[in-house]
Protein chains: 2
Amino acid sequence: MSDDQQATHGTWRERQKQQTRQIILEAAKELFETLGYGKTTIRAVAKYAGVGVGTVMSHFKDKASLLSAALMGDWEQLLAQVAATTPPEADYRTQLLHAAKIFFEYYARRPSLSRNLLKEALFSLEVQGPELRAMDQAAREIGVRALRAAQERGEIRADVDCEVMHLALFGEYCFVCIIGLGQPKPDPDQMVAMLESVTDLIVRGASPAPPDQR
Amino acid sequence: MSDDQQATHGTWRERQKQQTRQIILEAAKELFETLGYGKTTIRAVAKYAGVGVGTVMSHFKDKASLLSAALMGDWEQLLAQVAATTPPEADYRTQLLHAAKIFFEYYARRPSLSRNLLKEALFSLEVQGPELRAMDQAAREIGVRALRAAQERGEIRADVDCEVMHLALFGEYCFVCIIGLGQPKPDPDQMVAMLESVTDLIVRGASPAPPDQR
DNA sequence: GCCAAATATTGAACGTGTTCAACAAAAGAA
DNA sequence: TTCTTTTGTTGAACACGTTCAATATTTGGC
């Protein structure tokens with residue numbers, strides 16, 4: 001339903017606008033992937049899309065927003081892939097590392113774009129566009145839900161606050177991304193290994209064995 | 001010795017160069033603190049320092065480098081303050097939070113500059129100037145040393161890798177900085193609280209109580 | 001003191017992201 | 001239809017970071 005709704009929604013004018021938006025997005029994606037973020041200019045995107053420079057800017061707040069919008073499709077695909085391939089029976093540690101691996105491999109395939117998207121995401125947390133905000137929210141909900149499920153399964157002590165734990169794990173994930181994407185040639189395996197080691201540190205603290213003597 | 005050495009070292013020309021560098025740095029610091037990072041232009045710094053634009057660029061790779069060089073003094077002062085006020089008897093958790101509080105309070109005092117310095121630091125890890133590289137190295141050494149000391153005191157289990165633990169704590173520290181500085185009005189107390197909660201999660205895993213059943 | 005090599009300094013020029021007043025085209029009212 | 005209002009589109013203009021060929025100054029050898 002949302003397909004038809006989006007395609008034929010509103011007046012002629014609105015549809016036209018959505019179409020130019022789409023054209024711009026496709027041009028942007030093509031150029032970003034070919035040239036990388038830095039070497040892609042707004043002018044080039046505009047020319048490639050066959051519109052004026054101002055049109056691009058009227059559809060997207062700035063270059064970084066254009067990037068995040070252009071990668072939205074990829075992102076949803078990744079989420080779907082994670083949802084489809086995550087073993088439902090596994091413990092949360094395995095699930096986390098599985099999901100992370102999928103993302104890291106994508107990052108390694110598009111280092112320049114990922115780097116800049118990460119930068120945009122991390123440094124606009126409170127001023128960010130709706131796309132990134134939604135992504136952040138989604139990650140939080142999925143993460144916390146998974147942790148609570150694990151908690152009910154007895155993998156996590158009852159006194160552990162799942163929101164805090166998600167924050168901690170998410171923080172480590174971001175940190176690994178920063179370090180990994182800072183490398184000239186990001187190595188997903190190395191990134192997974194790094195995330196694994198710090199996760200294990202946290203896991204032991206979250207595991208049911210009660211640290212009763214201080 | 002290093003004082004005199006630096007002040008009277010080399011030829012007349014080298015001293016002259018160091019002096020213009022110093023003048024530029026002071027101008028930059030003044031303008032950065034008054035206007036914030038975004039509203040301070042290189043041209044303005046050059047004019048304020050009474051030199052040409054090219055001179056500024058010949059002394060500093062780019063605007064971000066100028067910022068980090070301008071804040072170097074503050075940074076060293078902070079490190080000294082941390083060294084002077086950290087209770088040597090306290091456990092490492094208390095020491096970490098104490099140091100973090102000092103830094104967070106500084107960040108809150110200069111949100112714009114801190115934000116941009118953090119960005120520069122995190123996204124140039126492999127291409128960064130000598131200052132930031134040295135800072136990173138110093139943080140690592142101090143952190144790992146403190147952790148090993150705590151390990152010998154029995155606060156940390158022997159099987160925990162202090163390098164990994166430092167990585168984890170440092171990652172959480174950076175994450176708290178990102179989140180905290182993303183806020184319109186960074187609140188150091190809130191940041192400390194956040195770091196405290198995630199640190200506690202890690203601490204329990206690192207504490208001697210052996211989680212012997214998986 | 002004089003000259004050539006070395007180098008610090010300079011600002012005009014360039015490329016790029018972003019803005020904005022003007023324009024064109026559709027929507028809605030008459 | 002015709003007029004007014006609304007709004008998507010446009011590219012010239014602007015501001016800023018950055019570059020670089022030209023200039024000014026110092027150095028070191030004679």
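Exactly one residue among A:Tyr37, A:Tyr107, A:Tyr48 is aromatic (Phe, Trp, Tyr), more than 24 Å from A:Ala121 (Cβ to Cβ) and either over 23 Å from the mean Cα position of the chain (by Cα) or at pLDDT 95 or above (or both), and that residue is A:Tyr48. What number of residues in region B:54-71 are buried (at least 16 other Cβ atoms within 10 Å of the Cβ) and within 15 Å of DNA strand C (Cβ to nearest atom)? The total comes to 7.
For region B:22-46, the candidate set comprises residues that are within 12 Å of DNA strand C (Cβ to nearest atom) and in contact with a Ser or Thr (Cβ under 9 Å, 6 or more places away or on another chain); within that set, the residue that is most open to solvent (accessible area, probe 1.4 Å) is B:Gly38. So for region A:114-127 (the condition being touching a Phe, Trp or Tyr at 6+ places or on another chain (Cβ under 6 Å), touching a residue at least 60 places away in the same chain (Cβ under 8 Å) and either surrounded by 16 or more Cβ atoms within 10 Å (Cβ to Cβ) or within 14 Å of another protein chain (Cβ to nearest Cβ) (or both)), does at least one residue qualify? Scanning region A:114-127 turns up at least one residue that is touching a Phe, Trp or Tyr at 6+ places or on another chain (Cβ under 6 Å), touching a residue at least 60 places away in the same chain (Cβ under 8 Å) and either surrounded by 16 or more Cβ atoms within 10 Å (Cβ to Cβ) or within 14 Å of another protein chain (Cβ to nearest Cβ) (or both). The selection criterion, being farther than 30 Å from A:Thr40 by Cα, in a loop (DSSP other than H, G, I, E, B) and not β-branched (Val, Ile, Thr), holds for A:Gly154. List the residue pairs whose Cβ atoms are under 8 Å apart, where the first residue sits in region B:74-100 and is under 17 Å from B:Asp189 (Cα atoms), the second is open to solvent by 60 Å² or more (accessible area, probe 1.4 Å), and the two are 6 or more positions apart or on different chains. These pairs meet every condition: B:Leu97/B:Glu196; B:His98/B:Thr85.
Tell me the residue from A:Val82, A:Val51 that is aliphatic (A, V, I, L, M) and either more than 21 Å from A:Thr199 (Cβ to Cβ) or near DNA strand C (Cβ under 10 Å from one of its atoms) (or both), please.
The unique qualifying residue is A:Val51.
Check whether at least one residue in region B:57-73 is under 22 Å from B:Met194 (Cα atoms) and either away from DNA strand D (no atom under 13 Å from the Cβ) or in the same structural domain as B:Arg145 (by TED's automatic domain parsing) (or both), and report yes or no. No: zero hits.
Does region B:45-56 contain at least one residue that is in contact with a Phe, Trp or Tyr (Cβ under 6 Å, 6 or more places away or on another chain) and within 12 Å of DNA strand D (Cβ to nearest atom)? The answer is no, given that none of the residues of region B:45-56 is in contact with a Phe, Trp or Tyr (Cβ under 6 Å, 6 or more places away or on another chain) and within 12 Å of DNA strand D (Cβ to nearest atom).
The values are calculated or read from the model by the stated rules, or taken from the named source; none is laboratory data. This one's a predicted model, so the numbers in the text were calculated from it and none came from an experiment. Cβ sites come from the backbone with ideal geometry, for glycine too, and all protein chains shown count toward neighbours. Surface areas here come from the heavy atoms of the whole protein model, side chains and all, with no ligands, DNA or RNA. Shrake-Rupley method; radii C 1.70, N 1.55, O 1.52, S 1.80 Å.
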